[in-house]
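**Student:** Dropping the structure in here first, questions after.
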Amino acid sequence: PYVGEALSKPYFFSRTVIADFAARCGDENPLHRDEGFAASSRFGGVIACGPHANAAHMSIIATHYTRTHEMVGLE
């Protein structure tokens, strides 16, 4: 990586995918699965959980750098 380098990738978080990811990682916050509850929150709708957003970020980084470098098992 170098200073100023930018990575991007379009990423769509559907309600179904958000709810499924939250359930799989054990996040029971209703903001991730209960549309009625989430609609009445300050967010106005269902939101992705933190681990989901972090996983998306990590996948962008891994995909970018594994095109030219080995990224697993580095000492």
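The values are calculated or read from the model by the stated rules, or taken from the named source; none is laboratory data. From a predicted model like this one, the values you see are computed outputs, not experimental measurements. Surface areas here come from the heavy atoms of the whole protein model, side chains and all, with no ligands, DNA or RNA. Shrake-Rupley method; radii C 1.70, N 1.55, O 1.52, S 1.80 Å.
**Student:** If each DSSP helix of 4+ residues adds -39,500 (n - 2.57) and the sum is divided by the residues in the chain, what number results at 222 nm, nearest 500 deg cm²/dmol? Show your work: numbers first, answer last.
**Tutor:** Details: 3 runs with 31 residues, N = 75.
Helix-only estimate at 222 nm: -12500 deg cm²/dmol.
**Student:** So, with a 1.4 angstrom probe, what is the percent of accessible area on the chain that is carbon and sulfur? List each step's numbers first, then the result.
**Tutor:** Working: 3340 of 5820 Å².
Summing carbon and sulfur atoms, their accessible area is 57 percent of the total for the chain.
**Student:** Round to the nearest 10 and give me the degree value, 0 to 90, for the angle of helix 50-65's Cα axis relative to the longest principal axis of the chain.
**Tutor:** Approximately 20 degrees, to the nearest ten.
**Student:** Which angle from 0 to 90°, rounded to the nearest 10, does the C-alpha axis of helix 15-24 make with the longest principal axis of the chain?
**Tutor:** It is inclined by approximately 80 degrees.
**Student:** Leaving out ligands, DNA and RNA but keeping every protein chain, what accessible area does Thr63 have, in Å² rounded to the nearest 10, with a 1.4 Å probe?
**Tutor:** 60
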